[in-house]
Amino acid sequence: MLQIDAEFTPIAAHIRNNVMRQGFMTHVGAEVTDLTRGTCVLSVDRRPELLQQNGFFHGGVTAFLIDNATTIAAATVKGQAALTAEYKLNLLAPASGDRLICRARVVKPGRQVSVVAADVFCVIDGAEKHTATALASIAMIDQAIAPKTVS
């Protein structure tokens, strides 16, 4: 049975609104394609401006998706603002295809630091190929990102 997390609805709306106000999100053309408590999926379509000299997605695009998706995933847990403290990124294969998808999930939520894992896939002819993996430490900021709803 599907349960609705009514407390998460305003948090998700606030996060989506704030993320789309980020100039770099708009510049890259990335979008939030899924958002649940403890997870975030970002994706971006292939464009010439996002490619390196060999025609693959630039590693900076992958790093950006990891940076943003892990921070957003951490923020969803309690509706708390968050900033990237560090991440370790392993590029596994060249990222080609039509789209990049980054799936981030909170491994261990924390009061001050949350640990978040992320994987990036490129979509080639409808099939996903794993191109990167990362582990991030996300600093949790002591402020709510959305007002609490009154019941």
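Considering region 72-100 alone, what residues qualify as being open to solvent by less than 40 Å² (accessible area, probe 1.4 Å) and within 23 Å of Glu49 (Cα to Cα)?
Correct list: Ala93, Ala95, Ser96, Gly97, Leu100.
Does Asp45 qualify as being in contact with a strand residue (DSSP E or B) (Cβ under 6 Å, 6 or more places away or on another chain), open to solvent by less than 90 Å² (accessible area, probe 1.4 Å), farther than 23 Å from Lys108 by Cα and at pLDDT 95 or above? Can you show your working first?
On the way: in contact with a strand residue (DSSP E or B) (Cβ under 6 Å, 6 or more places away or on another chain): yes; open to solvent by less than 90 Å² (accessible area, probe 1.4 Å): yes; farther than 23 Å from Lys108 by Cα: yes; at pLDDT 95 or above: yes.
Criteria met by Asp45.
Specify which of the listed residues (Val120, Val107, Val113) is open to solvent by less than 30 Å² (accessible area, probe 1.4 Å) and within 25 Å of Ala12 (Cβ to Cβ).
Working: Val107 fails: open to solvent by less than 30 Å² (accessible area, probe 1.4 Å); Val113 fails: open to solvent by less than 30 Å² (accessible area, probe 1.4 Å).
Checking each option against the conditions leaves just Val120.
Can you pull out every residue in region 10-38 that is under 14 Å from Thr71 (Cα atoms), surrounded by 15 or more Cβ atoms within 10 Å (Cβ to Cβ) and without any contact (Cβ under 8 Å) to a residue 60 or more places away in the chain?
Val19, Met25, Val32, Leu35, Arg37
Do any residues in region 87-114 that are among the hydrophobic types (A, V, I, L, M, F, W, C) have Cβ atoms under 6 Å from those of residues that are part of a loop (DSSP other than H, G, I, E, B), where the two are at least six apart or on different chains, and which pairs are they?
Hits for this filter: Ala95/Phe56; Val106/Gly38.
Scan region 48-62 residue by residue and report those that are touching a residue at least 24 places away in the same chain (Cβ under 8 Å) and open to solvent by 20 Å² or more (accessible area, probe 1.4 Å).
Pass one, region 48-62, residues touching a residue at least 24 places away in the same chain (Cβ under 8 Å): 54-57, 59, 61-62.
Correct list: Asn54, Gly55, Phe56, Gly59.
Counting only residues that are farther than 25 Å from Asp125 by Cβ and polar (S, T, N, Q), which one in region 54-112 is modelled with the lowest pLDDT?
Top of the filtered list is Gln80.
A quick yes/no check of all residues on (1) touching a Phe, Trp or Tyr at 6+ places or on another chain (Cβ under 8 Å); (2) of a type in the set (Phe, Trp, Tyr); (3) closer than 17 Å to Ala134 by Cβ:
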site	(1), (2), (3)
Gly23	no, no, no
Thr26	no, no, no
Ala30	yes, no, yes
Asp45	no, no, no
Asn54	no, no, no
His58	no, no, yes
Phe64	yes, yes, yes
Val77	no, no, no
Asn90	no, no, yes
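The values are calculated or read from the model by the stated rules, or taken from the named source; none is laboratory data. Predicted model only: the values in this text are computed from it and were never measured. We place every Cβ from the backbone using ideal geometry, glycine too, and count neighbours over all the protein chains shown. Ligands, DNA and RNA are excluded from the accessible area calculation, which covers all protein heavy atoms including side chains. Shrake-Rupley method; radii C 1.70, N 1.55, O 1.52, S 1.80 Å.
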